[in-house]
Amino acid sequence: GVVFILATTDAHKIPSTILSRCQRHDFRKLGQGEIEERLREIARDERATVADGAMKAIARAAEGSLRDAQSLLDQVIAYSGTEVSENDVGAVLGLVEGEVLAQAAQAIIERDSGKALGLVESLSVRGYDLQRFCQEMLAHLRDLMVTKAIKDPAPLLQASRVPPDTIRSQAQAFTLADLETIFQVLSRAEFEMR
C-alpha cells in the first residue's frame with residue numbers, strides 16, 4: 001500500500017529500471033490564454049472589472065504559474081479596488097511604460113547611444129528594476145520580429161503596451177538580421193544581470 005512519488009526536473013537522469021516501473025506525468029507551464037481565462041473567472045467572482053491589457057500583463061508576468069497570477073491579481077485589486085486598469089498593473093508590478101520601450105527602440109534605430117543611456121539612467125534613478133526592463137525590451141523586440149516576419153502579427157503580439165502603429169513603423173526600420181542581433185545581445189545582458 002505504499003506509493004512513492006518522484007518529482008524531478010531532470011527526468012532523463014532516472015534509471016530505466018526505475019522508470020519502467022513508474023507512471024510518468026509531465027507538468028508544463030500554463031499558456032497565457034489559460035491563465036487569462038482563469039483570472040477572468042476569479043475577477044468575476046470578486047466583482048472586479050479588469051481591463052484586457054491589465055489581464056494580459058498579469059498573465060505574462062506570471063510566466064506560466066497560475067498561483068503567481070492569482071497572487072498578482074490579488075495585489076492589483078488590493079491596490080486599485082474593483083476597477084483595474086493597465087496602469088494599475090504597471091504600478092504594482094513595476095513595469096516600464098510602453099512609451100519608454102518605444103523610445104528605447106527608437107534610440108536603437110537612430111543609433112543614438114546617448115538617448116538610450118539616458119533612458120536607462122532615468123529608469124534606474126526612478127527605482128525601476130533594470131532586469132525587468134531588459135525582459136520587457138526583449139518582449140518588444142520579439143514583437144518587432146514577429147511583425148517583420150508575418151503579414152498579420154496581431155494575434156501573436158505580447159508587449160501590448162506599445163501601440164500597434166509604433167510597432168509596425170519600428171519593425172520597418174529594422175532588418176530581421178539586425179533585430180536578431182540586438183535580441184541576442186540584450187538576452188545575454190539580461191542573463192548576466194541575474
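Structural remarks
- The lone exception for residue 96 - which of (1) closer than 20 Å to residue 57 by Cα; (2) not in a loop (DSSP other than H, G, I, E, B) it fails: (2)
- Answer residue from the stretch 172-184, given it is aliphatic (A, V, I, L, M) and either within 18 Å of the chain's Cα centre (by Cα) or surrounded by 13 or more Cβ atoms within 10 Å (Cβ to Cβ) (or both) and is farthest from residue 142 (Cα to Cα) among those: 173
- Taken over the stretch 41-56, the criterion of being loosely packed, with under 14 Cβ neighbours inside 10 Å and either assigned to a helix (DSSP H, G or I) or without any contact (Cβ under 8 Å) to a residue 24 or more places away in the chain (or both) is satisfied by 41, 44, 45, 52.
- Odd one out for residue 64 among (1) open to solvent by less than 20 Å² (accessible area, probe 1.4 Å); (2) in contact with a Ser or Thr (Cβ under 6 Å, 6 or more places away or on another chain): (2)
- Taken over the stretch 144-168, the criterion of being closer than 14 Å to residue 109 by Cβ and assigned to a loop (DSSP other than H, G, I, E, B) is satisfied by 162 alone.
- Scan of the stretch 169-194 for residues that are more than 20 Å from residue 116 (Cα to Cα), in a helix (DSSP H, G or I) and in contact (Cβ under 8 Å) with a residue 24 or more places away in the chain, ordered by number: 176
- Within the stretch 87-113, if we keep just the residues that are within 20 Å of residue 49 (Cα to Cα) and free of Cβ contacts under 8 Å to residues at least 60 places away in the same chain, the residue that is least open to solvent (accessible area, probe 1.4 Å) turns out to be 89.
The values are calculated or read from the model by the stated rules, or taken from the named source; none is laboratory data. Model, not experiment: these values are computed from the prediction. Neighbour counts are summed over all protein chains in view; Cβ atoms, including those assigned to glycine, are modelled from backbone coordinates with ideal geometry. Each accessible area value is taken on the protein alone, full model and side chains, heavy atoms only, with ligands, DNA and RNA left out. Shrake-Rupley method; radii C 1.70, N 1.55, O 1.52, S 1.80 Å.
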